[in-house]
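Notes follow the structure.
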Amino acid sequence: MTGTEHPLVTDYLATIEREASFLPAGRREELLADLREHLAVAVGEEQDPEAVRTALERLGSPSAIVAAAREEEPETAAAPVAPPEAPQSRSRSVLTAVLLGVSGIAALSSPFAGLAALVLGLGLLWTSAAWQRRTKAVATALTLAAPVTVGLSMLLLAARLGIVELLVLLAVSIALPATAAVRLLRAPARAA
Amino acid sequence: MVPGEARSEASGRVASQLRKGVLEYCVLALLRDGPRYGVEILDELAAVSVMTTSQGTIYPLLSRLRRDGLVDTELRESATGPARRYYTLTAPGRTALAEFAESWPRFRDGVDHFLTAPHGGSA
């Protein structure tokens, strides 16, 4: 038998347990164990009621102890938040932007290379958590606009394509994906 | 409210505010010369009246010091009673204590400067 089984002690610890319900379970258990150990040492085995009362008085009111425990808790303990996702590495962001950005130029030299850059870039873009959906959609639209414009022009104007039209198409197929790349690199970090 | 009560309540608040910043260093200082168990630490603190009003409030503090790695604990059997949890100062704890011991005199002198030195200008 130790001093921790005295009814006064049981009541005292039960009050603290109740008032400390806001603490994480582990922390609350630790506090109760500390107090139990303290009382076991302070009261001794005789459980003299006077000694129990004195020991509890010196420990202080349950609410004072619980208030002290509250003050030692970090602010965030009250509202546990999910650990923030590791931010995307800068190199992945750059790779995504570059793939999309060069897809237009690449397509001019080899349609296959352009398609590969486009597919890889879009894959990286849409599996990433670093950009907001809107940013992704705009980048995708800008990047896809280049091959779509070139393709449509080829189909519709094939016979009438002059040097000026070709230069415009060239500029479009370079500028639109490049714009998408710049927007991606400048996009603000996604709000948590 | 009785004026005397109001005064003692206010001074209690002052003491509690002051304690907040220094109590943990007093605990670390108590462990400087060797491990002590909980009841021992609390009794030492209680012997100096300004340091604590209710001993039990020290346990959450000790728990935080342990989490922060400033103290270590170890349960040791006792010849005369239940096992006792001993608190030991760790190396980071010793460093924290040394840093506090260095800045405390400057802090104390700074406060004393304003409390005691005669100041010019309107009172």
Inset, instruction - Would you check which residues across the stretch A:1-26 are more than 11 Å from chain B (Cβ to nearest Cβ) and in contact with a Pro (Cβ under 8 Å, 6 or more places away or on another chain) and list them? - result: A:HIS6, A:LEU8, A:THR15, A:GLU19
Inset, instruction - State yes or no: is B:LEU115 open to solvent by 70 Å² or more (accessible area, probe 1.4 Å), at the interface with chain A (Cβ under 9 Å from one of its Cβ atoms) and more than 16 Å from A:GLU72 (Cβ to Cβ)? - result: no
Inset, instruction - Any residue in the stretch A:27-42 that's more than 9 Å from chain B (Cβ to nearest Cβ) and open to solvent by less than 50 Å² (accessible area, probe 1.4 Å): show its pairings with residues that are in a helix (DSSP H, G or I) and modelled with pLDDT under 95 at Cβ separation under 7 Å, as long as the two are six or more apart or on different chains. - result: A:LEU39/A:GLY3; A:LEU39/A:THR4; A:LEU39/A:VAL9; A:LEU39/A:ALA55
Legend entry - Test: residue in the stretch A:14-24 that is aromatic (Phe, Trp, Tyr), modelled with pLDDT of 85 or more and in a loop (DSSP other than H, G, I, E, B): yes
Legend entry - Condition met for A:ARG58 (within 20 Å of B:GLY38 (Cβ to Cβ), at the interface with chain B (Cβ under 9 Å from one of its Cβ atoms) and touching a helix residue (DSSP H, G or I) at 6+ places or on another chain (Cβ under 7 Å)): yes
Inset, instruction - Read through the list (1) within 13 Å of another protein chain (Cβ to nearest Cβ); (2) free of Cβ contacts under 8 Å to residues at least 12 places away in the same chain; (3) of a type in the set (D, E, K, R); (4) open to solvent by 80 Å² or more (accessible area, probe 1.4 Å), then give the number of the only condition that B:GLU40 fails. - result: (4)
Inset, instruction - State whether the residues of the stretch B:82-100 include one that is within 13 Å of another protein chain (Cβ to nearest Cβ), free of Cβ contacts under 8 Å to residues at least 12 places away in the same chain, under 30 Å from B:GLY12 (Cα atoms) and open to solvent by 30 Å² or more (accessible area, probe 1.4 Å). - result: no
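The values are calculated or read from the model by the stated rules, or taken from the named source; none is laboratory data. Computed from a prediction, not measured in an experiment: that's the story for all the values here. Neighbour counts run over all protein chains shown; Cβ positions are idealised from the backbone, glycine included. To get the accessible areas, we keep the full protein, side chains included, count just its heavy atoms, and leave off ligands, DNA and RNA. Shrake-Rupley method; radii C 1.70, N 1.55, O 1.52, S 1.80 Å.
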